[in-house]
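Remarks on the structure that follows.
Here, each number is a calculation from the coordinates, and none is a lab measurement. Since this is a predicted model, take the numbers as computed values, not measurements. Positions of Cβ are backbone-derived with ideal geometry, glycine not excepted, and every protein chain shown enters the neighbour counts.
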Amino acid sequence: MELTAILLSIPWDQILIQTVNGVVTGMILALIASGLTLIFGIMDVVNFAHGELFMLGAYIGVVVLATTGNFWLALLMATLVVALLGAAIQIATLRPLIGRDPLTTILATFGVSLILQNYALWQFGPVARKIQEPFTGRFNLFYLEYPWYRLMIAALSAAIIGGFWLFLKYGKYGIWIRATTQDRVMAQAMGIPVPWVHTAAFAIGAGMAAASGVLFGPLVGVNHTMGLDWVLKAFIVVVVGGMGNLGGSIAAAIFISLLEAYASIWVSPAQAVIVSFIVLILTLLFRPTGLFVPTPK
Amino acid sequence: MTIAPLDNTTPIKKTRLSHNAVFWIGFSVVMALLIIAPLVLPEFWRRFLTEVLIWGLLAMSSDILIGYTGMVSFGHSAFFGLGMYGAAAALLMFSPPSLLLALAFGLVASALVALFVAYFSTRLRDIYFAITTLIFSQIFYVIIFTWTEVTGGENGLNFRRPPLAIPGLFSVQFTSETMHWFVLAVVAGSYLILRRIMHSPFGMVLQSIRENEPRTRAIGYPVQRYKIVAVMLSGLFAGLAGVLYAVQNRFAAPDFIFFLISGETVIFNVMGGIGTLVGPIVGAGFFLLLRELLGRLFGEQFPYLIPLGVIFIVMIIFLPQGLLGFARRWLNR
């Protein structure tokens with residue numbers, strides 16, 4: 001009797017809907033965080049400008065979509081343009097800092113993020129823009145008409161991450177990247193052009209951020225402050241998942257997004273963010289090396 | 001032909017004044033200029049100078065961590081903002097408003113926050129410390145922003161400015177001159193206190209943590225406890241800056257807990273020169289002056305942070321010591 005009352009009081013339909021929502025945002029977050037963790041893993045750079053690259057990708061998506069009307073072209077263009085921009089940023093600001101205290105790179109990327117954010121504000125104004133969904137089909141999920149597009153985002157993000165993983169595992173340049181991550185000096189000695197591997201890794205990370213920006217654009221408005229929210233979440237994910245650990249970041253991204261989605265059944269989404277902060281604090285207290293990595297001996 | 005001696009045996013010309021005397025003369029000259037300034041400057045620049053001093057105090061407090069202990073805090077806005085809201089609470093709850101209570105409330109609020117942040121974040125080093133402090137400041141931002149009944153939410157809180165008073169002695173309303181002198185006295189006092197602390201054995205341990213943490217631990221210093229105290233000290237002075245800002249501007253707003261303030265604090269430090277205590281104040285003045293000039297040249301809508309960001313990055317690459325970096329050794333002797 002008691003048990004059935006409790007079971008009945010749980011909003012199962014809402015929980016299921018929030019599970020789907022959580023997985024969708026989790027995949028987007030994983031896409032952002034894997035770029036961040038790639039950049040951190042290979043050159044010990046915490047890229048503060050990552051959220052701004054995400055935001056800029058979304059804006060380029062808006063512009064290309066407005067001129068050509070093709071969503072997929074917008075996705076491709078945004079990825080390429082931001083990847084090139086990332087390479088330029090790396091060459092101009094991070095390359096001169098190689099060999100200095102890693103903290104100076106945080107400061108430099110923070111400067112970059114200020115520039116990009118204010119450029120976006122100046123260029124596009126404070127009003128949020130909208131990206132039209134490429135297709136508008138919906139299916140019934142309890143009382144909701146759930147858009148197929150959201151599921152497609154999750155699938156596409158998973159595909160990009162999967163492709164990236166295959167590239168790291170089997171591609172020649174992917175192996176260069178992994179070699180540089182493991183041992184910079186030895187990689188250099190084996191003839192790998194380490195400075196260019198750094199640039200390429202930064203460009204790939206930037207491109208992935210831009211792609212997630214375009215994919216996520218239709219769900220929320222595109223504005224110049226969207227970068228900060230996401231980069232904070234991505235930082236949390238990267239710390240909870242274990243710094244520089246790709247698999248851990250993906251698991252942590254989905255885990256945290258699910259928790260936030262469940263929390264927003266009861267509290268407002270702005271307050272649901274606190275759940276991920278709490279996860280971070282608990283992680284730092286009990287498993288400072290990350291939740292989803294084997295315990296270091 | 002005589003062979004020049006290998007080492008330069010000619011005695012280095014002794015300066016006639018001791019280092020201490022030069023320091024105090026310099027300090028007095030700068031103080032005298034700052035005291036006279038509000039009498040000469042027009043109203044706008046008077047306020048501007050006062051604000052530079054307040055932001056300078058915030059940046060100086062963060063220099064304890066960045067410059068002396070080697071930990072970059074990206075969360076100083078939390079201490080600053082909680083100082084503001086603490087002062088706001090005192091000024092709204094008690095009538096008539098009292099400056100001393102505002103100071104006490106602000107300092108207690110920021111010290112509590114600092115204790116909380118310090119306990120967790122000092123478990124981590126380097127980049128992890130920076131990210132954790134950033135996330136903590138964002139927690140407080142979300143709490144203050146969403147807890148509308150108490151904090152006024154997005155609109156913040158407005159209150160009246162308390163009189164400059166010592167209970168039982170005197171009580172006068174603030175004018176912009178006395179406000180400036182009051183802020184100047186607090187900032188100069190804080191500088192002298194912090195300078196003394198950084199020259200004390202405690203400060204030396206902090207600097208040895210910056211130089212070599214494992215060795216400091218091996219010698220037997222409880223490194224984490226020192227770090228916690230350093231973060232608390234830093235947070236306390238950041239809170240003091242927050243109280244001053246609240247009293248000067250008569251409002252408290254969640255924008256001041258936002259991450260951007262922490263970022264600007266770090267920029268002030270890097271531009272002025274870390275590890276000098278006065279450098280950050282100079283950096284704050286440099287940054288705010290550039291911002292003002294750009295605003296006047298190109299209009300209010302001009303995105304001043306773009307050129308300032310470029311200058312900031314160029315300074316990191318080519319002038320990592322900051323504007324006062326050349327004087328760092330001398331100032332710390």
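Karplus-derived 3J(HN,Hα) values for the stretch A:186-201, using 6.51 cos²θ - 1.76 cosθ + 1.60 with θ = phi - 60°, are 5, 4, 4, 5, 7, x, 7, x, 4, x, 6, 5, 4, 4, 5, 4 Hz; glycine and proline are entered as x. Starting from the amide H of A:Val222, placed 1.01 Å from N in the peptide plane, find each other amide H under 5 Å away whose residue is 5 or more places distant or on another chain. Excluding prolines and chain starts, which carry no amide H, the hits are A:Arg129, A:Lys130, A:Ile131. Projected label points at B:Leu100 and B:Thr175, each 7 Å from Cα along the beta carbon direction, are separated by 2.5 nanometres. Exposure here means at most 14 other Cβ atoms within 10 Å; with chymotrypsin sites (Phe, Trp or Tyr not before Pro) in a DSSP loop as sites, the longest stretch of chain B lacking them is B:148-333.
Look at the stretch A:234-243: the mean tally of other chain Cβ atoms within 10 Å of its residues' Cβ atoms is 2. Over the C-alpha trace of the stretch B:34-258, radius of gyration and Dmax come out as 18.1, 56 angstrom.
Over all orientations, the protein assembly as shown has a Cα convex hull whose mean projected area works out to 39.2 square nanometres. If you take the Cα centroid of the stretch B:69-134 and the Cα centroid of the stretch A:100-165, the two points sit 33 Å apart.
Taking the three principal axes of the alpha carbon atoms in the stretch A:11-139, the coordinate ranges are 54, 39, 25 Å, sorted in descending order.
Over the Cα atoms of the stretch A:28-223, the radius of gyration divided by the Kirkwood radius equals 1.01; this is the Rg/Rh ratio. Taking square-rooted eigenvalues a ≥ b ≥ c of the alpha carbon gyration tensor, is the stretch B:238-333 rounded, prolate or oblate, where a/c under 1.5 means rounded and, failing that, a/b exceeding b/c means prolate? Oblate, because a/c is 1.5 or more while a/b does not exceed b/c. With q set to 0.12, 0.22 Å⁻¹, the log10 of I(q)/I(0) for the stretch A:186-297, from the Debye formula over equal scatterers at the Cα positions, is -0.55, -1.26.
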